[in-house]
Amino acid sequence: MTRVALITGIGGQDGTYLTELLLEKGYEVHGLVAPGSKRFETPRATVHVCDLAEGSNLPDLFHAVRPDEVYHLAAQSHVRLSFDLPLHTANVTGLGTLRMLEAVRSHRDRTGQPTRFYQASSSEMFGRAEVSPQSEETPFHPRSPYACAKVFAFWQTVNYREAYDLFCANGILFNHESPRRGEDFVTRKITLAAARIKLGLQEKLTLGNLQARRDWGFAGDYVRAMWAMLQADEPDDFVVATGQNHSVEDFLNAAFAAVDLDWHDHVETDPRFLRPSEVDDLRGDASKARRVLGWEPTVDFEGLARMMVEHDLEFVRRSK
Ligand code: GDD
């Protein structure tokens, strides 16, 4: 029997990598996109429109799609923006997850289909962590409206597992990047700027806090962990990370070195890119995912920066 997957946020970075992975594995793939969002075109996945800020068509969608697995990736996912839009973020990122969980629960109760549910939880939930590296045992200390909404969604996911005996798993993913990363996130902002500066199309790059440290991995590796979580014998929560962290400055070094430039000649900082409360230092301990899921990352920090810069050089050349 062909397995059916439903991916919310299918048009985002992770949604596209996950779609490719599931299609390779022979799944029938359906996706949800927000109304008015850029259309995600793929001849091999079926796309439906759903506003997770209200979710009124979710029961009909579940009835039509009958998903075996749901990957809930959709969110207002920009941390800085969540300070400007805290209520919208709480609604989409927090309550949106609860709407999905309710849809899974009522679909199971109506049809008997035991849909498995993946929640895209985030390392941002650790926030001002007092231990390093952070694992599944580390307490949360969220530092943004986005992270608070993700903590709410994390615990709702655990609660639906415990209260209703549903297969619900949280992937606590540390930062994961790729050439498909949105241009407002720091890695892609840097690699696009490095490419444009190299090609003489831009002079300066304006950033916020250069000292923040993140555990940056490759999104293509991380979607394999999502899939593995839903194939496990038992539902559980897993940290997914490389175990190495670097500062924004380190990423600047790696990206600009890849185009033989010195970032000091081009970067300026502006307080408008600072956050009212910052997460200074995240590094993940993914030993449980390695042990239980057999998951391993394949791309290291330098490889990631190089991959993104090489892509962006070509991308900028083509769009000139
Ligand atoms: N976006 C951005 N823009 N960040 C900047 C800038 C800038 O100009 N300058 C410095 N930074 C710093 C931020 O202050 C932060 O400390 C770090 O770069 C990373 O910022 P982002 O790339 O925006 O990612 P994030 O860590 O806040 O959140 C991302 O990763 C989380 C964990 O996986 C997002 O993808 C979240 O949705 C995700 O949950």
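The values are calculated or read from the model by the stated rules, or taken from the named source; none is laboratory data. Worth saying up front: this structure is predicted, and the values here are computed from it rather than measured. Heads up, the Cβs are rebuilt from the backbone with ideal geometry, glycines too, and the neighbour counts pull from every protein chain shown. Ligands, DNA and RNA are stripped out before the accessible areas are found, and what is left, the full protein with its side chains, is counted by its heavy atoms. Shrake-Rupley method; radii C 1.70, N 1.55, O 1.52, S 1.80 Å.
Per-residue answers, yes or no, for (1) open to solvent by 70 Å² or more (accessible area, probe 1.4 Å); (2) modelled with pLDDT under 95; (3) under 25 Å from Leu173 (Cα atoms):
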position	(1), (2), (3)
Met1	yes, yes, no
Ala5	no, no, yes
Gly9	no, no, yes
Leu23	no, no, yes
His30	no, no, yes
Ser37	no, yes, yes
Glu41	yes, yes, no
Cys50	no, no, yes
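Taking first residues from the stretch 307-320 that are under 14 Å from Gln202 (Cα atoms) and partners that are crowded, with 17+ Cβ neighbours inside 10 Å, the Cβ contacts under 6 Å between residues at least 6 apart in sequence or on separate chains come to Asp312/Thr191; Asp312/Leu192; Asp312/Ala195; Leu313/Ala195; Val316/Ala195; Val316/Arg196. Has the stretch 83-94 got any residue that is of a type in the set (S, T, N, Q) and over 17 Å from the mean Cα position of the chain (by Cα)? Checked the stretch 83-94: at least one residue is of a type in the set (S, T, N, Q) and over 17 Å from the mean Cα position of the chain (by Cα). Among residues of the stretch 185-207 being under 23 Å from Thr242 (Cβ atoms) and near the ligand (Cβ under 9 Å from one of its atoms), the one that is surrounded by the most Cβ atoms within 10 Å (Cβ to Cβ) is Ile190.
If you go through the stretch 11-21 and pick out every residue that is of a type outside the set (A, V, I, L, M), farther than 12 Å from Thr46 by Cα and crowded, with 18+ Cβ neighbours inside 10 Å, you end up with 6.
Can Leu18 be described as hydrophobic (A, V, I, L, M, F, W, C), part of a helix (DSSP H, G or I) and under 15 Å from the mean Cα position of the chain (by Cα)? Here the answer is yes, as Leu18 does meet what is asked.
Every test in (1) within 15 Å of the ligand (Cβ to nearest atom); (2) in contact with a Phe, Trp or Tyr (Cβ under 8 Å, 6 or more places away or on another chain); (3) more than 18 Å from Arg128 (Cα to Cα); (4) open to solvent by 70 Å² or more (accessible area, probe 1.4 Å) is passed by Thr298 save one, and that test is (1).
Report yes if some residue within the stretch 232-245 is part of a helix (DSSP H, G or I), away from the ligand (no atom under 14 Å from the Cβ), under 21 Å from Ser178 (Cα atoms) and in contact with a helix residue (DSSP H, G or I) (Cβ under 7 Å, 6 or more places away or on another chain); otherwise report no. No, because not a single residue in the stretch 232-245 is part of a helix (DSSP H, G or I), away from the ligand (no atom under 14 Å from the Cβ), under 21 Å from Ser178 (Cα atoms) and in contact with a helix residue (DSSP H, G or I) (Cβ under 7 Å, 6 or more places away or on another chain).
For Phe256, indicate whether it is of a type in the set (Phe, Trp, Tyr) and within 13 Å of the ligand (Cβ to nearest atom).
Numbers: of a type in the set (Phe, Trp, Tyr): yes; within 13 Å of the ligand (Cβ to nearest atom): no.
The answer is no for Phe256.
Looking across Arg290, Arg196, Arg275, Arg224, one residue alone is charged (D, E, K, R), more than 17 Å from the chain's Cα centre (by Cα) and either more than 28 Å from Asp84 (Cβ to Cβ) or assigned by TED's automatic domain parsing to the domain that holds Asn170 (or both). It is Arg290.
Applying the selection to the stretch 72-101, what residues are touching a Lys or Arg at 6+ places or on another chain (Cβ under 7 Å) and under 12 Å from Cys148 (Cβ atoms)? Even if it seems obvious, please write down each step before you answer.
Within the stretch 72-101, the first condition is being touching a Lys or Arg at 6+ places or on another chain (Cβ under 7 Å), and the residues that meet it are 79-80, 83, 93.
Listed by number, the residues that qualify are Val79, Phe83, Thr93.
Checked against the criteria, Val223 does not count as hydrophobic (A, V, I, L, M, F, W, C), part of a strand (DSSP E or B) and either in contact with a Gly (Cβ under 8 Å, 6 or more places away or on another chain) or crowded, with 19+ Cβ neighbours inside 10 Å (or both). Pairing each residue of the stretch 247-276 that is part of a helix (DSSP H, G or I) with any residue that is away from the ligand (no atom under 11 Å from the Cβ) and open to solvent by 30 Å² or more (accessible area, probe 1.4 Å), provided the two are 6+ apart or on different chains, yields C-beta distances under 6 Å for Ala254/Glu302.
Within the stretch 251-272, the set of residues being open to solvent by 40 Å² or more (accessible area, probe 1.4 Å) and either under 17 Å from Ser178 (Cα atoms) or within 20 Å of the chain's Cα centre (by Cα) (or both) comprises just one member, Ala258.
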